[in-house]
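Engineer: Sharing a structure here in structure tokens format.
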Amino acid sequence: MNKPVYIIAEIGINHNGDLAIAKKLIDIAKVAGCDVVKFQKRNPDICVPEHQKTVMRDTPWGRMSYLDYKYKVEFGQNEYDEIDIYCKERNIHWSASPWDLDSLDFLNQYDSLPFIKIPSALLTDLDLIKKTTETGKRIIISTGMSTLDEVDAAVNTIRETKTDASFAVLHCNSTYPAPNNELNLNCIQTLKDRYNCEVGYSGHEFGLTTTIASVCLGATIIERHITIDRTMWGTDQMCSVEPQGLIKLVRGVRELNSALGDGIKIVTETEIPIREKLRK
């Protein structure tokens, strides 16, 4: 039997700083059959470039600076403590992507995290990758908008920091939404051959077909952004999967994973009586 595909429901910041929305998204992921929900953790003072901090923008909470907006949608200690408790009650794992070293230190306090994810935007931050490897937690790295040389450097950093590190690499296109003709799903096999590690797929395209198809090409981890409603405020909402779509996605991935088999040609048990009846 094939290893079950590990399905990550990426909440990111689609909660818009509202814990009630975050809990609703956790429930949606649990009902759909996902294995884990994932958030994004930032220190806005570090992550927001200086020239953008004072730029004013219109938001659902009024007109404010970009820095204030980033703080508005950021969860802190109290929220993540509650998320940790809620996920344990709902029997679903949670994790997050740290966008800076402060956020990595923050996440490392939670022993229950099954992995720490390095987003495509930070694939070239080798110091963050090194420090993440040193935590001893499993690492998942996304490879959107990256060259093979850049992925090489990230993987080598992991292996040089900890020779027995547990890690996986996700093929990804970082366009939101990603055009189907640029998804290059065959790159999944390229990454498997090159790094001899577990490889998955992080999708930002419209629809579900291509994400499900990635399982046929060897993806054993699937990640998609999720939302309550794609019309909600936020840059990631439009490319996210709504509740009914998430149920269809998980069902499709599970059915396809089961159908792949082991590749060994045999006469199955259900075929035996048919064979006896029809063969002469």
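Where a number appears in this text, it was derived from the coordinates with a stated rule and is not lab data. Note that this is a predicted model, so its numbers are computed, not measured. Heads up, the Cβs are rebuilt from the backbone with ideal geometry, glycines too, and the neighbour counts pull from every protein chain shown.
Engineer: Which residues does a label at residue 127 reach in the stretch 88-102, if reach means a backbone N under 18 Å from a point 7 Å past the Cα toward the Cβ?
Structural biologist: Flagged as within label range: 98-102.
Engineer: If you don't mind, there's one more thing I want to ask. Among 118, 108, 69, which residue has its Cα positioned farthest towards the positive end of the charge dipole of the stretch 65-124, with +1 placed on the Cβ of Lys and Arg, -1 on the Cβ of Asp and Glu, and the dipole taken about the Cα centre?
Structural biologist: 118
Engineer: Can you list residues from other chains, or at least 5 along the same chain, whose modelled amide H is less than 5 Å from the amide H of residue 142?
Structural biologist: Result for residue 142 returns 118, 120, 170.
Engineer: Given labels modelled 7 Å from the Cα in the Cβ direction, how far is it in nm from residue 31 to residue 77?
Structural biologist: Modelled inter-label distance: 3.4 nm.
Engineer: Using r as the Cβ-Cβ distance of residue 102 and residue 272, and R0 as 51 Å, what FRET efficiency do you calculate, to the nearest 0.05? Spell out each step's value before the answer.
Structural biologist: On the way: r = 62 Å, r/R0 = 1.22.
Efficiency computed from Cβ-Cβ geometry: 0.25.
Engineer: Express as a percent, rounded to the nearest 5, the fraction of DSSP beta bridges in the chain (both residues included) that run antiparallel. If you can, show how the numbers build up before the last one.
Structural biologist: Values: 4 of 35 bridges.
Approximately 10 percent, going by the DSSP bridge assignments.
Engineer: Relative contact order for the chain using alpha-carbon pairs under 8 Å, separation at least 6, rounded to a whole percent?
Structural biologist: On the way: 464 pairs, mean separation 55.9, N = 280.
Computed value for the chain: 20 percent relative contact order.
Engineer: In terms of the Cα gyration tensor, with a ≥ b ≥ c the square roots of its eigenvalues, is the stretch 129-280 rounded because a/c is under 1.5, prolate because a/b exceeds b/c, or oblate? Don't skip to the answer; put the middle values down first.
Structural biologist: Details: a/c = 2.38, a/b = 1.36, b/c = 1.75.
Here the stretch 129-280 falls in the oblate category.
Engineer: With +1 on each Lys and Arg Cβ and -1 on each Asp and Glu Cβ, and nothing else charged, work out how big the dipole of the chain is about its Cα centre, in Debye to the nearest 20. Each step should come with its number before you reach the end.
Structural biologist: On the way: 33 positive and 39 negative charges, 220 e Å.
Here the size comes out at about 1060 debye.
Engineer: I've got another one for you. Full extension from residue 229 to residue 52: what is 0.36 nm times the residue separation minus their Cα-Cα distance, to one decimal in nm? Could the numbers behind the result be given before it?
Structural biologist: Numbers: separation 177, 0.36 × 177 = 63.72 nm, distance 2.82 nm.
Full-extension gain reported as 60.9 nm.
Engineer: Let me ask you something else. Taking the Cα atoms only, what angle lies between the long axis of helix 148-161 and the longest principal axis of the chain, rounded to 10 degrees?
Structural biologist: Long axis of 148-161 versus the principal axis of the chain: about 80 degrees.
Engineer: Same structure again: Suppose every Lys and Arg Cβ carries +1 and every Asp and Glu Cβ carries -1, with no other charges. What dipole size does the stretch 1-142 come out with about its Cα centre, to the nearest 20 debye? Could you put the intermediate results ahead of the total?
Structural biologist: Values: 19 positive and 21 negative charges, 92 e Å.
Using Cβ point charges on Lys, Arg, Asp and Glu, the stretch 1-142 gives about 440 debye.
Engineer: Treating each Cα of the stretch 1-72 as an identical point scatterer and ignoring solvent, apply the Debye formula and state log10 I(q)/I(0) at q = 0.14, 0.15, 0.24, 0.25 Å⁻¹.
Structural biologist: Those come out to -0.58, -0.64, -1.04, -1.08, one per q.
Engineer: Separate question: What shape does the stretch 44-135 take by its C-alpha gyration tensor, where a ≥ b ≥ c are the square roots of the eigenvalues and a/c under 1.5 counts as rounded, a/b above b/c as prolate, and the rest as oblate? Write down the numbers at each step before the final one.
Structural biologist: Numbers: a/c = 2.74, a/b = 1.33, b/c = 2.06.
It is oblate, given that a/c is not under 1.5 and a/b is not larger than b/c.
Engineer: Starting from the Kirkwood Rh over alpha-carbon pairs, what translational D in µm² s⁻¹ does the stretch 6-278 have by Stokes-Einstein at 10 °C and 1.306 mPa s?
Structural biologist: Numbers: Rh = 19.8 Å.
The diffusion coefficient I find is 80 µm²/s.
Engineer: Okay, next question. What ranking do 267-277, 156-166, 6-16 get when scored by the average of other Cβ atoms within 10 Å per residue, highest first? List each step's numbers first, then the result.
Structural biologist: Details: 267-277: 8.9, 156-166: 14.6, 6-16: 23.4.
The packing order, highest mean first, is 6-16, 156-166, 267-277.
Engineer: Per residue of the stretch 13-25, what does 6.51 cos²θ - 1.76 cosθ + 1.60 with θ = phi - 60° give for ³J(HN,Hα)? Whole Hz please, x for Gly and Pro, Karplus curve as stated.
Structural biologist: For the stretch 13-25, the Karplus curve yields 10, 5, 7, 6, x, 10, 5, 5, 5, 4, 5, 5, 5 Hz.
Engineer: Could you derive backbone 3J(HN,Hα) for the stretch 74-84 from the dihedral phi with the Karplus parameters 6.51, -1.76 and 1.60 (θ = phi - 60°), listing whole Hz in sequence and x where the residue is Gly or Pro?
Structural biologist: 9, 8, x, 4, 4, 5, 6, 4, 5, 4, 4
Engineer: If Rh is defined by the Kirkwood formula over all Cα pairs and Rg also comes from Cα, what ratio Rg/Rh do you get for the stretch 143-230?
Structural biologist: Details: Rg = 13.6 Å, Rh = 13.7 Å.
Radius of gyration over Kirkwood radius for the stretch 143-230 works out to 0.99.
Engineer: Right, here's the next one. Once the Cβ-Cβ distance between residue 206 and residue 110 is put in as r, and R0 is 35 Å, what FRET efficiency do you end up with, to the nearest 0.05?
Structural biologist: Working: r = 33 Å, r/R0 = 0.95.
Efficiency, from the Cβ-Cβ distance: 0.60.
Engineer: A further question follows. What ranking, highest mean first, results for peptides 98-111, 210-223 when packing means the other Cβ atoms within 10 Å averaged over each residue?
Structural biologist: On the way: 98-111: 17.0, 210-223: 20.9.
Sorting 98-111, 210-223 by mean packing, highest first, produces 210-223, 98-111.
Engineer: What's the local net charge at residue 66, with K and R +1, D and E -1, over the other residues with C-beta under 9 Å away? Provide the component values of the computation, followed by the final result.
Structural biologist: Details: positive: 53, 57, 70; negative: 68.
Summing Lys and Arg as +1 and Asp and Glu as -1 gives +2.
Engineer: Moving on. Work out how much length residue 242 to residue 258 would gain on full extension: take 0.36 nm times their residue separation and subtract the Cα-Cα distance, in nm to one decimal. Can you show the working numbers first?
Structural biologist: Details: separation 16, 0.36 × 16 = 5.76 nm, distance 2.42 nm.
Stretched fully, the residue 242-residue 258 segment lengthens by 3.3 nm.
Engineer: Now, a different point. Can you list residues from other chains, or at least 5 along the same chain, whose modelled amide H is less than 5 Å from the amide H of residue 36?
Structural biologist: Close amide H contacts, sequence-distant or interchain: 7, 9.
Engineer: What order, most packed first, do the peptides 66-74, 32-40 have when packing is the mean number of other Cβ atoms within 10 Å of each residue? List each step's numbers first, then the result.
Structural biologist: Working: 66-74: 18.1, 32-40: 21.8.
Ranked from most to least packed, the peptides come out as 32-40, 66-74.
Engineer: Quick query: amide H of residue 96 versus all other amide H atoms, modeled in the peptide plane; which residues come in under 5 Å with a sequence gap of 5 or more or a different chain?
Structural biologist: 39, 117
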